[in-house]
1. Would you pick out the residues in segment 208-239 that are buried (at least 20 other Cβ atoms within 10 Å of the Cβ) and hydroxyl-bearing (Ser, Thr, Tyr)?
2. Counting only residues that are surrounded by fewer than 24 Cβ atoms within 10 Å (Cβ to Cβ), part of a strand (DSSP E or B) and either touching a residue at least 40 places away in the same chain (Cβ under 8 Å) or of a type in the set (Phe, Trp, Tyr) (or both), how many does segment 128-180 have?
3. So for segment 274-282 (the condition being modelled with pLDDT under 95 and either within 28 Å of PHE186 (Cα to Cα) or not aliphatic (A, V, I, L, M) (or both)), does at least one residue qualify?
4. Within segment 299-324, which residues are assigned to a strand (DSSP E or B) and exposed (fewer than 15 other Cβ atoms within 10 Å of the Cβ)?
5. Which is of a type in the set (A, V, I, L, M) and either under 16 Å from the mean Cα position of the chain (by Cα) or under 27 Å from THR156 (Cβ atoms) (or both), of VAL294, VAL225, VAL220?
6. Among (1) modelled with pLDDT of 95 or more; (2) at negative phi; (3) more than 20 Å from the chain's Cα centre (by Cα), which single condition is GLY285 missing?
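The values are calculated or read from the model by the stated rules, or taken from the named source; none is laboratory data. Since the model is a prediction, treat every value here as computed from it, not as a measurement. We place every Cβ from the backbone using ideal geometry, glycine too, and count neighbours over all the protein chains shown.
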Amino acid sequence: MAEREAILWAADAEGTVTCSVCPRLCKIKPGKLGYCKARLNEDGRLFTVIYGLCSSLAVDPIEKKPVFHFHPGSLVFSVGTLGCNMRCKHCQNWQISRAAPSEDGRELADVSPDRLIELAQRERCQGVAWTYNEPTIWLEYVLDGARLAKEAGLYTVMVTNGYIPHEALDELGPYLDVWRVDIKGFSDATYRFLSGVPHFQPILTAAERAKKRWRMHVEVVTNVVPTVNDDDEQLTAIASWIRDALSVDTPWHVTRFIPYLELSHLPATPVDTLERARRIGLEAGLRYVYIGNVAGHEGENTRCPGCDALLVERVGYRIGRRDLIEGRCAVCGEPVPIVE
């Protein structure tokens, strides 16, 4: 089941294929793979070589994605494959994100979309999340699985770097509920250094389209890397963009960088840097800014933007106290946009 004809491509007279699943628009010669290592030109036709191939299958709390304002406390069936359209220097999942089926030695599970939904239901999950590596390059499989998930009454989540053009996003749009997107910085230079992406504007426009055109629930994550994207200018720019392009109610997760891979020489993000990032977000007008990867930090909790009452208490990925009544603060009645 691994190989299936792809969508969103065109071939020229010489048999070179242009793949338009991501903004790289790879021109792939016959017999070659694209940048993501997941799409193969066979005699002038483009095929996905990862359809149904799963490197990771797990039952997770939705908070682990992290998604805080959509069915809190629910379980989501999480699935990932191989490959990515970025090359992040600090990728925690590089063993799968930089691999191709032809060169990866692990045994991969072959899971049809129907089987995926069966597994999610068997494990009593309320949703399905495509995660761990970049789901955009798994477009055909995500699309088929998301259609079936919606038919089965399950919610759908894409945990993504957001590097996707309108054409591919619009294929998925009718079937996705949550767009959990990374914003890794706010300059082309930062994206080139961190991820090998020449221009980051497509990521912003895709997130805006997911929110406005497809009415997805959007949450933003910025992994704050010392000396790379922890300056006030970039953090303020990210917060301002979320406020203006998405909404003041869009959750922003500022998470702790852990030294890894090509950035193992950098220190872990100081907690006071994350607290500064959170202040920047709140001062920019965002109502929900969370601190991540710092166990037990108060910044994991949801507080009422009206009266500052503790509304949702989080301990790791577990939900403790909840003081919401029909989408409002139990203390002052302020509307709180958490999808239950």
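1. THR222
2. 1
3. Within segment 274-282, the subset modelled with pLDDT under 95 is none.
Looking through segment 274-282, none of the residues is modelled with pLDDT under 95 and either within 28 Å of PHE186 (Cα to Cα) or not aliphatic (A, V, I, L, M) (or both).
4. Start the filter on segment 299-324 by keeping residues that are assigned to a strand (DSSP E or B), which leaves 302-303, 310-315, 318-322, 324.
Those that are assigned to a strand (DSSP E or B) and exposed (fewer than 15 other Cβ atoms within 10 Å of the Cβ): VAL315, ARG318, GLY320, ARG321.
5. Working: VAL294 fails: either under 16 Å from the mean Cα position of the chain (by Cα) or under 27 Å from THR156 (Cβ atoms) (or both); VAL225 fails: either under 16 Å from the mean Cα position of the chain (by Cα) or under 27 Å from THR156 (Cβ atoms) (or both).
Only one candidate qualifies: VAL220.
6. That leaves (2) as the condition not met.
This table checks each residue for (1) within 27 Å of ARG115 (Cα to Cα); (2) acidic (Asp, Glu).
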{"residue": "LEU139", "(1), (2)": "yes, no"}
{"residue": "ALA149", "(1), (2)": "yes, no"}
{"residue": "ASN161", "(1), (2)": "yes, no"}
{"residue": "GLU171", "(1), (2)": "yes, yes"}
{"residue": "ARG192", "(1), (2)": "no, no"}
{"residue": "GLY196", "(1), (2)": "no, no"}
{"residue": "HIS217", "(1), (2)": "yes, no"}
